[in-house]
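The values are calculated or read from the model by the stated rules, or taken from the named source; none is laboratory data. Note that the structure is a prediction, hence the values are computed from the model and not measured. Note that each Cβ is placed from the backbone with ideal geometry, even for glycine, and that neighbours are counted across all protein chains shown. For the accessible areas, the whole protein counts, side chains as well, though only heavy atoms, and no ligand, DNA or RNA atoms are used. Shrake-Rupley method; radii C 1.70, N 1.55, O 1.52, S 1.80 Å.
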Amino acid sequence: MESAGRAQAARDRVPRIDPYGFERPEDFDYAAYEEFFSTYLTILTRRAIKWSRLLKGGAGVQKSVTLKRYIRKGVPLEHRARVWMGVSGAQAQMDQNPGYYLHLLQGEKDDSLEEAIRTDMNRTFPDNVRFRKGSDPCLQRTLYNVLLAYGHHNRGVGYCQGMNFLAGYLILVTRSEEESFWLLDALVGRILPDYYSPSMLGLKTDQEVLGELVRTKLPAVAALMDSHGLLWTLVVSRWFICLFVDVLPVETVLRIWDCLFNEGSKIIFRVALTLIKEHQALILEATSVPDICEKFKDITRGSFVTECHTFMRSAHRRSRPASELLRAESK
């Protein structure tokens, strides 16, 4: 009874909708989240003070050892857009191309591109109140504009499923169409080349790289996958395509993206390996292909991934250059 009362009290105190507009799921553990966040709030406050000192004066964000250390410990939400724009090169691109975003929106029509984007509008974050048609303002139009402009900008990619989730997160963080467009360009065009091209060669290569890393570091898991003839793309493709959006909790995803914009795609491997290693015993209990797939869904839930600060420290403790070497060898 006492535990049930504590859970209900936490449910009464913690808002049902998170700061980004996402509705918390029915099975959300309010008590565990409140306990975690009470500690994390202290960390956030301390980090915010340090970030304000680092960024005072309004100067551009310059990459440095200090900045890298700060980013790995988390960027406060109020500074996130500025930091992402600076370290990714998106700010420089936007400054060098004034008016370009509006020019793209006003360009000639591409019916197939527009139809592909429209098809995914209602599928994008149905659990987020800001993307619903009845909301005011409704971010669907903003999302549509960003994706349409990018499709005109990068005709080799156009629009690919998964990009709607990336653009949606960027809009929630930046609250700016144009900044979201340039950050999407940084992700799709430079940080993750060939992830979203028609051949998806970069995506396929990196999933194979993860498989080789697991074979090296967690051979028992690799042996389980091999024994069932299970390809890695079947269990981790969403991790890579959506960059953990709709896979991990939003705060954890944003902490991953902090590092992604600054250090590149190696953080994807670090996070994937952290998830698999932490839950290796659970995964090895699987006895069939459906069971393995379910275990890989299970490992993206729970307190380990919710407690983003501890989770990211675990991911960075596994930092190794192997992923870059393996990717180079496989190309």
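Brief remarks follow.
- Length added when fully stretched, K133-D111, from 0.36 nm per residue minus Cα-Cα: 5.7 nm
- Of the residues V83, G211, P15, the one whose Cα sits farthest toward the positive end of the charge dipole of the chain, with +1 on the Cβ of Lys and Arg and -1 on the Cβ of Asp and Glu, is V83.
- Entry comment: accessible area of the stretch 1-96 is 61 Å² per residue, from protein heavy atoms only and a probe of 1.4 Å.
- Using a simple spin-label model with pseudo-atoms 7 Å out from Cα toward Cβ, Q8 and S237 lie 4.6 nm apart.
- Cα-derived Rg to Rh of the stretch 161-219, Kirkwood definition: 1.13
- Three semi-axes of the equivalent ellipsoid, the stretch 73-175, Cα gyration tensor, whole Å, largest first: 22, 20, 12
- Annotation: extensible slack from Q280 through E35 equals 85.6 nm (criterion: 0.36 nm per residue apart, minus Cα-Cα distance).
- Global geometry of the stretch 1-191, whether rounded, prolate or oblate, following the gyration tensor of its Cα atoms and the 1.5 cut on a/c: oblate
- The chain - Rg and Dmax from Cα coordinates, angstrom: 20.3, 64
- Remark: the stretch 257-272, residue by residue, has Karplus-estimated 3J(HN,Hα) of 5, 3, 6, 4, 5, 8, 10, x, 6, 4, 5, 4, 5, 4, 5, 4 Hz, where x stands for each Gly or Pro and the curve is 6.51 cos²θ - 1.76 cosθ + 1.60 at θ = phi - 60°.
- Under a model in which nothing but the beta-carbon of Lys, Arg (+1) and Asp, Glu (-1) is charged, the stretch 1-191 shows a dipole of about 1080 debye around its Cα centre.
- Portion, in percent, of the accessible area of the chain that falls on carbon or sulfur, probe 1.4 Å: 52
- Calculated FRET efficiency, S288 to H103, Cβ-Cβ distance, R0 = 41 Å: about 0.15 to the nearest 0.05.
- Reachable lysines from K63, criterion Cα separation under 21 angstrom, eight or more residues apart if same chain: K50, K73, K266
- Total formal charge among the other residues, if their Cβ is under 15 angstrom from that of D111, Lys/Arg +1 and Asp/Glu -1: -1
- Kirkwood analysis of the Cα pair distances in the stretch 201-317 returns a hydrodynamic radius of 14.3 Å.
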